[in-house]
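Report on the following structure.
Since every read-out is calculated from the coordinates, none of them should be taken as a lab result. Since the structure is predicted, the reported quantities are computational estimates derived from the model, not experimental observations. With ideal geometry, Cβ positions are generated from the backbone for all residues, glycine too; neighbour counts draw on all protein chains shown.
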């Protein structure tokens, strides 16, 4: 039996990401505090971390942007991702080799 061909997903635009983030914040705030209109300030640190984690895990945000959403330094957010069992480094062996090659090329300059 043939496997279905993989379709390449379109990369989301910044507008899409911010829209998704906004919708996620609204949904989380409504679930947490009732159906009142609230912004990011109304969320607790735990809620912000949960939202940032979900968006990072779904690859909607980079790790740096997710750390900002969580209101945490990048290093602390990376530690939290490790505790949650979510990979901080993404990619495969080929991309790792390409990254190492680029680093070596920059050092040689």
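Using the 10 angstrom Cβ neighbour count as an exposure proxy, how do 69, 88 rank, fewest first?
Numbers: 69 21, 88 12.
Final ranking by Cβ density, sparse to dense: 88, 69.
With label points built 7 Å along Cα→Cβ from the Cα atoms of residue 75 and residue 100, find their separation and express it in nm.
Calculated label separation equals 2.6 nm.
Using bins 10 angstrom wide from zero, how does P(r) for the range 45-93 break down, in % of all Cα pairs?
With a bin width of 10 Å, the distribution comes to 30, 61, 8, 1.
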